[in-house]
Structure formats: C-alpha cells, structure tokens
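Asker: One structure follows; several queries about it will come next.
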Amino acid sequence: MKRKAVYFLLALLVMGCSSKYHRFVKDYTFRSADGKPGYDNLDYWAAHPWKHNTSDSVPSPLQNDYHKDSAVDIFFLYPTTYTEKDKPLGWNAPIDDATINAKTDYTTILYQASVFNASGRVFSPRYRQANLEAYFPISAEDTTKAIAAFEEAYQDIRTAFIYYLEHWNGGRPIIIASHSQGTTHAKRLLKEFFDGKPLQKKLVAAYLVGIPVEPGYFTTIQPCADPKQTQCFCSWRTLKDGYKTDYMKEEKYTAIVTNPLTWDISKPNADRSQNKGSILLNFNKLVSGVADAKDGNGVIWTRKPKFFGNIFLSGKNYHVADYNLYYLSVRENVQQRFNMWLRE
C-alpha cells in the first residue's frame, strides 16, 4: 500500500468519526503495570460480548439484524491505527495508549468489526500493534526492527487467542476475521492453530482482507469457492479499475481473490447494481450501488465508488474501504456460511 493513497483514504473514509473519537479518549484510563496486555481484564479487549463496545453497533436500516449471543464466535483482528510516520511511541503502540485505543474503537471496531455482529459474539483483542512504517522499512536496521515489531504484536494476539480458547470458547464454532495488519497476524494464527489441526473442524470461515494471501500458504485450508463453503478462507484487496500499486506489480505470485459480491469463483465479476449496501462516512446510512467488484488478477477492481461527494475521491487505492464498500454483502455471507456449517 502506498503511503499517500492509504493516508488519503483513511482521512476521507473515517473523517466522519475520526474527529469524534477524541471526545472518548478521557474514558480510557486503564494502565498496564508491566506494559503488557492482561486478557483476563476486559479493558484489553476492544470488542468482547461481556462489555458494551462499538462492535455492538448496528446501522439504523439493519436494527432487526443483530444476534449478539448466537452460537458462533468471531475473532476479529483490527488494522493499524498507530500511523504516525515519525513513530512517536516507538515501533509498537503501547497497549494502554488512550488516544490509539479510542481511535481503534471508534474507527475499525465500529466500521469493520460490526459487520459480524449479526452472526455471533465478537472478540477483538487489543495488541501492541506495529507502527504503519513497519511495512515500509528503508534500511537493514529498520527491517530488523520492523520484524521484531510484528513479532511482538503477534505474540500478544497469540496469547489473547489462547486465553479466549481456554476461558470463553467452550467448543463453539469460530470465524477468524481481519483487515490489513490484522490479516498479517491472522494468516499466522490460522496456520499455527487451524491449518491441518483439530481446531480446523470448528472453523466456519476466515475473512483475510487487505493483505495478500499467496497460493499454497495454507496446507489444508482452501480458498472459498462458493458462498456457502465452510472451513475455507476469503481474501481481497480493493483498487480502482485497472490500477495496481508498485509493490503489487512486484509480487511474484497472484494472490488469492474472492469476489465480495458473488463469493463464487465461477462468477468473478459483479456490477455495482448487485451491491445492496455500503457504509461510508455516515454509519447509520446504508448506500446501495456504490462499488462493483471485478477480478483484477490478484486484487478486486471497482470503478470509482459512486456516492455523494466522490468528486473529492482522487486516490486509486481503496484499501481502507475493503470492508465498507461491501458491508452488507459481507454481513449476509457470514450468516450464509454459518447456516451451512450448522447443517454439516
């Protein structure tokens, strides 16, 4: 992801809430004694079914579509919200930084994790995420520090997942969902705990969004081939029709792509008329026909999203909106896959 494109989309698509999260910073008063998360404490969960949080939010047109206590759990790993280029807090975000935690909860947890609340309980652990610049090291020293930053972040997630399994899962089926940096870690989590392991039988599906999944990355977990397949994964990255970033051009493989409107490998393209609902700046407004979805050979291409104000959308990388452009489609597909899992 190019820096300018990512920063521009972030500003455009979350500016409606980014100016609001500051008012909540004062509510994040918890402090870690040793700088590490303690997952027995709900403060260290951005989303958890035992506390009110922004993943519980439902867009107004979908108010009757909410089943917090249904029989499936969603383990959601959020993207990078520690984005300052000068890394003022170091390579990893402190686990108890009030501003970052408020930003996380009122952007990605609200706008992305909420996609899944129609189907089950949402768990999302806070973790000492790597700064955005860890994806763009400029020296050998930076590369070493970036690798260490991602490792620290993953170890938090791993610890959280083990705690979740031991204390809250109770044998329930699981959906793994993620975006961007969250997907960097979700891939590893799936490989360690699910791929060819007994827990794979409990996997409804995984939504690995915003980061490429290379063919053959998993041994037994396959890409989802149709809308109802289970124990499989979906993945996509969204760009303007015909565009690929420089780093994508350098990829030595064609990443797995799932069409987030058809969910069917035999139907690689879908017109925007098939898109029944996107969530943009106004969380309580579901907008139809915003984006189409076309297999771009390793990415999803869409024509310039159609919405009031799109004249100001000049970027071609729609990374930040990977979920939001297809909000209702993802929401409905999660339920489809879970319903099929129940029958199997």
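The values are calculated or read from the model by the stated rules, or taken from the named source; none is laboratory data. All figures in this text were calculated on a predicted structure; none of them were measured in a lab. Backbone-built Cβ (ideal geometry, glycine too); neighbour counts: all protein chains shown.
Asker: Those residues that are surrounded by fewer than 18 Cβ atoms within 10 Å (Cβ to Cβ) and touching a Pro at 6+ places or on another chain (Cβ under 7 Å), I need them from segment 131-188; list them, please.
Answerer: Passing the criteria: only 143.
Yes/no matrix, rows are residues, columns are (1) free of Cβ contacts under 8 Å to residues at least 24 places away in the same chain; (2) over 20 Å from residue 113 (Cα atoms); (3) in contact with a helix residue (DSSP H, G or I) (Cβ under 6 Å, 6 or more places away or on another chain):
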| position | (1), (2), (3) |
| --- | --- |
| 300 | no, yes, no |
| 303 | no, yes, no |
| 307 | no, yes, no |
| 310 | yes, yes, no |
| 316 | no, yes, no |
| 331 | no, no, yes |
| 337 | no, no, no |
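Asker: For segment 189-275, give me every one of the strands (runs of 3 or more DSSP E) that falls completely inside it and has 3 or more residues that are within 21 Å of residue 319 (Cβ to Cβ) and either over 18 Å from the mean Cα position of the chain (by Cα) or touching a residue at least 40 places away in the same chain (Cβ under 8 Å) (or both).
Answerer: 238-240
Asker: While we're looking at this one, here's another question. What number of residues within segment 58-106 satisfy the criterion of being crowded, with 16+ Cβ neighbours inside 10 Å and among the small types (Gly, Ala, Ser)?
Answerer: 3
Asker: Further question on the same structure: Answer yes or no: is there a residue in segment 315-326 that is at pLDDT 95 or above, under 17 Å from residue 62 (Cβ atoms) and hydrophobic (A, V, I, L, M, F, W, C).
Answerer: Checked against the condition, which is being at pLDDT 95 or above, under 17 Å from residue 62 (Cβ atoms) and hydrophobic (A, V, I, L, M, F, W, C), segment 315-326 yields at least one hit.
Asker: Taking the condition touching a Cys at 6+ places or on another chain (Cβ under 8 Å) and either within 30 Å of residue 244 (Cα to Cα) or among the aromatic types (Phe, Trp, Tyr) (or both), does residue 221 pass?
Answerer: yes
Asker: Kindly indicate which of 142, 105, 86 is over 20 Å from residue 32 (Cα atoms) and not in a loop (DSSP other than H, G, I, E, B).
Answerer: Among 142, 105, 86, only 142 is over 20 Å from residue 32 (Cα atoms) and not in a loop (DSSP other than H, G, I, E, B).
Asker: Return the pair list, or none, for Cβ contacts closer than 7 Å from residues in segment 29-42 that are without any contact (Cβ under 8 Å) to a residue 24 or more places away in the chain and more than 10 Å from residue 96 (Cβ to Cβ) to residues that are of a type in the set (D, E, K, R) and surrounded by 10 or more Cβ atoms within 10 Å (Cβ to Cβ), at least 6 apart or on different chains.
Answerer: Listed by first residue and then by second, the contacts come to 42/51.
Asker: Looking only at segment 25-53, count every residue that is closer than 16 Å to residue 105 by Cα and of a type outside the set (Lys, Arg) and tell me the total.
Answerer: Residues that pass the stated criteria total 16.
Asker: While we're looking at this one, here's another question. Scan segment 150-179 residue by residue and report those that are more than 19 Å from residue 197 (Cα to Cα) and not in a helix (DSSP H, G or I).
Answerer: 178, 179
Listed here are the residues, each with its yes/no results for (1) over 30 Å from residue 288 (Cβ atoms); (2) of a type in the set (Lys, Arg).
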{"residue": "195", "(1), (2)": "yes, no"}
{"residue": "222", "(1), (2)": "yes, no"}
{"residue": "230", "(1), (2)": "no, no"}
{"residue": "236", "(1), (2)": "no, no"}
{"residue": "243", "(1), (2)": "no, no"}
{"residue": "249", "(1), (2)": "yes, yes"}
{"residue": "258", "(1), (2)": "no, no"}
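Asker: Can you work out which of the residues in segment 266-318 that are among the hydrophobic types (A, V, I, L, M, F, W, C) and surrounded by fewer than 16 Cβ atoms within 10 Å (Cβ to Cβ) is nearest to residue 227 (Cα to Cα)?
Answerer: Per the criteria, the residue is 308.
Asker: Can you confirm whether segment 232-246 contains a residue that is among the polar types (S, T, N, Q), surrounded by fewer than 22 Cβ atoms within 10 Å (Cβ to Cβ), within 20 Å of residue 335 (Cβ to Cβ) and at pLDDT 95 or above?
Answerer: Start the filter on segment 232-246 by keeping residues that are among the polar types (S, T, N, Q), which leaves 235, 238, 245.
Those still in the list that are surrounded by fewer than 22 Cβ atoms within 10 Å (Cβ to Cβ) too: 245.
In the following step, the residues that additionally are within 20 Å of residue 335 (Cβ to Cβ) were identified as none.
No; the residues of segment 232-246 include none that is among the polar types (S, T, N, Q), surrounded by fewer than 22 Cβ atoms within 10 Å (Cβ to Cβ), within 20 Å of residue 335 (Cβ to Cβ) and at pLDDT 95 or above.
Asker: Okay, next question. Looking at segment 109-159 only, could you name the residues that are of a type in the set (Val, Ile, Thr) and in contact (Cβ under 8 Å) with a residue 60 or more places away in the chain?
Answerer: Of everything in segment 109-159, those that are of a type in the set (Val, Ile, Thr) and in contact (Cβ under 8 Å) with a residue 60 or more places away in the chain turn out to be 109, 115, 122, 157, 159.
Asker: Filter segment 295-340 down to residues that are assigned to a helix (DSSP H, G or I) and in contact with a Leu (Cβ under 9 Å, 6 or more places away or on another chain), then give me how many there are.
Answerer: Selection size over segment 295-340: 11.
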